[in-house]
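Take a look at the structure set out below.
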Amino acid sequence: MAQLPLRDAERLQDYIYKATARAQHFIGYPIAQDFDYSELFPLLKLPLNNVGDPLIESTYDVNSRSLECEVLEFFAGLFKAPVNNWWGYVTNGGSEGNLYGLYVARELYSNGIVYYSESTHYSVQKNIQLLNLRSIVIRTQPNGEMDYDDLREMISMHRDQPVIILANIGTTMTEAKDDLKSIQGIFRELAIKNHYIHCDAALAGVYSALLDLQPGFDFSHGCDSLAISGHKFIGSPIPCGLVLVKKNYKERIGKVIPYIGTADTTISGSRNGHSPVFLWYAIKKLGSEGLKQRAIEALAIAEYAVDRLCRLGIKAWRNPDALTIVLPDPPREISVKWQLASEGGFSHIICMPGVSKEKIDQFLYELEATMEVAV
Ligand SMILES: *Cc1c(COP(=O)(O)O)cnc(C)c1O
């Protein structure tokens with residue numbers, strides 16, 4: 001390939017410089033930044049594509065299917081998927097995984113109603129629309145967790161329809177977790193026979209499972225499918241995720257396509273072949289123990305940050321075992337610089353791996369300075 005024209009080369013250098021600088025002040029989104037995948041650089045020269053089903057070989061052989069399968073096995077183990085009865089694939093992110101879970105639920109229960117809390121991620125409502133499913137929004141408790149009394153009332157009003165629950169394992173704003181036990185208790189109470197639970201574990205699923213945090217949400221606790229994001233806790237330069245479903249449910253989906261020599265069982269056709277390699281590399285390099293250690297360290301930083309904020313007189317709080325700290329919106333210049341998302345007068349900082357104590361101190365120092373000016 002020819003070289004870039006000088007002006008464009010400068011433009012690119014400038015962009016790289018700015019993006020690198022912005023990554024220094026990035027504590028408002030649940031994105032790990034402590035990764036180094038430079039050993040994988042040679043793969044940027046390959047058009048890796050895992051088109052179609054990850055478990056069925058394709059005639060498109062420049063792929064990372066074999067590594068993708070190892071990644072799937074790791075997470076199937078972590079989330080206690082039923083032995084020999086699970087299926088999944090590496091997605092483009094949590095949203096696609098949620099779409100897939102709800103798609104499977106709809107194929108099982110075309111007349112089902114989806115119940116999800118008002119704290120649910122915006123992707124879910126869009127997915128429900130795409131799938132043309134009926135849905136009911138459930139109120140939340142002040143911490144962002146589903147209000148089970150409201151859920152019971154809503155389900156009891158529609159007892160003749162199958163129940164599809166979209167449970168949050170870490171809501172976007174407050175990292176609240178819905179309790180599968182309470183939800184299943186309602187199924188029993190109301191004698192609901194046809195039910196399906198999809199866990200949106202995009203945010204907190206991986207470290208919650210690694211540390212066996214309560215409440216449990218994996219297949220052994222009664223979920224039927226779950227989705228995680230790969231670029232959040234694990235960390236990846238390219239957004240990615242993973243969905244797992246019970247295989248006997250999913251067998252209703254997907255046709256064999258002669259052109260690609262595999263089955264069309266995934267949402268998108270061509271699939272990113274690089275992201276499974278990033279996930280594989282992280283899992284192999286850190287191992288379960290290393291990943292657990294990272295989670296423990298991140299939780300300690302979150303505890304430190306909430307503590308320091310409270311000592312500044314700021315009404316900051318977090319849910320039990322959460323990396324997300326909720327606080328009243330700080331001054332705009334702070335929110336812009338540190339890339340803090342805001343909703344309803346509250347912002348959050350998320351202590352994902354890569355957010356160091358020093359970074360928190362720097363943020364607090366700047367926040368405190370604006371408070372002094374305000375006084
Ligand atoms: C991030 C997130 C999603 C969406 O995941 P993407 O990987 O961004 O598609 C869905 N639900 C929750 C709770 C999330 O935090």
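Considering the range 282-339, the residues that are of a type in the set (V, I, T) and surrounded by 15 or more Cβ atoms within 10 Å (Cβ to Cβ) include one that is nearest to F74 (Cα to Cα), namely I283.
For (1) assigned by TED's automatic domain parsing to the domain that holds P30; (2) within 19 Å of A201 (Cα to Cα), each residue gets a yes or a no:
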position	(1), (2)
S275	no, yes
A298	yes, yes
D307	yes, no
W317	yes, no
P328	yes, no
E333	yes, no
L340	yes, no
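Within the range 200-215, the residues that satisfy the criterion of being under 24 Å from Y281 (Cα atoms), in a loop (DSSP other than H, G, I, E, B) and either touching a helix residue (DSSP H, G or I) at 6+ places or on another chain (Cβ under 9 Å) or within 11 Å of the ligand (Cβ to nearest atom) (or both) are A201, A202, L203, A204, L211.
The set of residues from the range 108-129 being farther than 14 Å from I197 by Cα and more than 14 Å from the ligand (Cβ to nearest atom) comprises S110, N111, Q129.
Pairing each residue of the range 290-306 that is touching a residue at least 12 places away in the same chain (Cβ under 8 Å) with any residue that is of a type outside the set (K, R) and in a helix (DSSP H, G or I), provided the two are 6+ apart or on different chains, yields C-beta distances under 6 Å for L291/L210; K292/L210; A295/Y207; A295/L210; A305/I360.
Filtering the range 135-178 down to residues that are within 25 Å of A322 (Cα to Cα) and either at pLDDT below 95 or of a type in the set (G, A, S) (or both), which residue is farthest from the chain's Cα centre (by Cα)? Per the stated criteria, the residue is G144. Take the conditions (1) in contact (Cβ under 8 Å) with a residue 60 or more places away in the chain; (2) under 30 Å from S342 (Cβ atoms); (3) more than 16 Å from the ligand (Cβ to nearest atom); (4) not charged (D, E, K, R); I31 misses just one of them, which is (3). Only one entry in D150, D160, D218, D178 is in contact (Cβ under 8 Å) with a residue 60 or more places away in the chain and away from the ligand (no atom under 16 Å from the Cβ), namely D218.
One line per residue, one yes/no per condition, for (1) surrounded by fewer than 23 Cβ atoms within 10 Å (Cβ to Cβ); (2) of a type in the set (V, I, T); (3) outside any helix (DSSP H, G or I):
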residue: P47; (1), (2), (3): yes, no, yes
residue: V51; (1), (2), (3): yes, yes, yes
residue: E73; (1), (2), (3): yes, no, no
residue: E107; (1), (2), (3): yes, no, no
residue: D149; (1), (2), (3): yes, no, no
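Could you tell me which of the residues I136, I165, I169 is away from the ligand (no atom under 11 Å from the Cβ) and surrounded by 24 or more Cβ atoms within 10 Å (Cβ to Cβ)? Unique residue meeting the criteria: I165. Please work out which residue is nearest to G28 (Cα to Cα), limiting yourself to the range 173-199 and to residues that are among the polar types (S, T, N, Q) and part of a helix (DSSP H, G or I). Only one residue tops the list, namely S182.
Output yes when any residue across the range 246-256 is more than 12 Å from the ligand (Cβ to nearest atom), within 24 Å of W317 (Cβ to Cβ) and touching a residue at least 24 places away in the same chain (Cβ under 8 Å), and no when none is. No, the range 246-256 has no match at all. Out of K45, K80, one residue alone is basic (K, R) and either over 24 Å from the mean Cα position of the chain (by Cα) or not assigned by TED's automatic domain parsing to the domain that holds Q214 (or both). It is K45.
Given the range 250-348, what strands (runs of 3 or more DSSP E) lie entirely inside it while holding 2 or more residues that are within 24 Å of P215 (Cβ to Cβ)?
In the range 250-348, the matching strands (runs of 3 or more DSSP E) lie at 324-328.
The values are calculated or read from the model by the stated rules, or taken from the named source; none is laboratory data. The model shown is predicted, which means the values in this text are computed figures rather than measured ones. Using ideal geometry, Cβ is built from the backbone for each residue, glycine included, and neighbour counts are taken over all protein chains shown.
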